[in-house]
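Each remark here refers to the structure printed beneath this line.
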Amino acid sequence: MKMLPDSMQAVVIVAAQQAELQTVECDASPLHEDEICGQTEATLISPGTELSALYVGGTDVDYKPTYPARPGYAAVMRIDAIGSGVANLAIGDRVLTMGPHASRQRCKAVDAHRLPEGLPSHAGVFARLMGVSWSTLVTTTARPADRVLV
């Protein structure tokens, strides 16, 4: 069984308009059978969710973010350990997940999506932004081929 590290580097928003790279604890417990973990190759900071809401401190007077905050939006990791029940991913695979801005990622295998061969990690994280737009198709009655006004 692979020994997992007990600390990692992570982006921590410590106050409005103040972010730091800090050493933080990470879950070093043995992986559950359905989990994967690995080294982060790229993360994507969301201009709306993270920069506007957390870093700047909200867009209206009622929103009060809590600090310190350890945000995360999208991350690509290279898997270096897998749980005993994971069959569709392997050590060395690069996957997209909705992970934190940290040097390591840990998640359920079903929440990770293998990147196509040859796609750079820094480009792969942008699939998360496309997912935000595509989620509209779940929450609206409009469907592909319908006419809409934007």
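The values are calculated or read from the model by the stated rules, or taken from the named source; none is laboratory data. Note that the structure is a prediction, hence the values are computed from the model and not measured. Heads up, the Cβs are rebuilt from the backbone with ideal geometry, glycines too, and the neighbour counts pull from every protein chain shown. Side chains are part of the model used for accessible areas, which takes the heavy atoms of the whole protein and leaves out ligands, DNA and RNA. Shrake-Rupley method; radii C 1.70, N 1.55, O 1.52, S 1.80 Å.
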Exercise. Taking the structure as given and computing volume of the Cα convex hull per residue in Å³, which label from (1) 154; (2) 113; (3) 298 fits?
Worked result: (1)
Problem set entry | Residue-normalised accessible area of the chain, given per residue in Å² at a 1.4 Å probe | 63
For this session: Run the quick spin-label model on residue 110 and residue 91: label points 7 Å from Cα toward the beta carbon, then report their separation in nm to one decimal.
Result: 2.6
Exercise. So what is the relative contact order for the chain, in percent, with contacts set as C-alpha pairs under 8 Å and at least six apart?
Worked result: 25
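Restricting to DSSP H runs of at least four residues, report the calculated mean residue ellipticity at 222 nm for the chain, -39500 (n - 2.57) per run over all residues, nearest 500 deg cm²/dmol.
Here the helix-only value at 222 nm equals -2000 deg cm²/dmol.
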Seminar exercise, completed: Simple SL model, points at 7 angstrom along Cα→Cβ for residue 39 and residue 143; separation in nm is 4.7
Exercise. Which peptide among 90-101, 73-84, 24-35 comes first, and what is the full order, when sorted by highest mean count of other Cβ atoms within 10 Å?
Worked result: 73-84, 90-101, 24-35
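What ranking, highest mean first, results for peptides 121-128, 104-111 when packing means the other Cβ atoms within 10 Å averaged over each residue? Write out the running numbers ahead of the final one.
Details: 121-128: 16.5, 104-111: 18.4.
Peptide ranking by packing, descending: 104-111, 121-128.
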Problem set entry | Residue-span extension gain [residue 70 to residue 119] - 0.36 nm each, minus C-alpha spacing | 14.9 nm
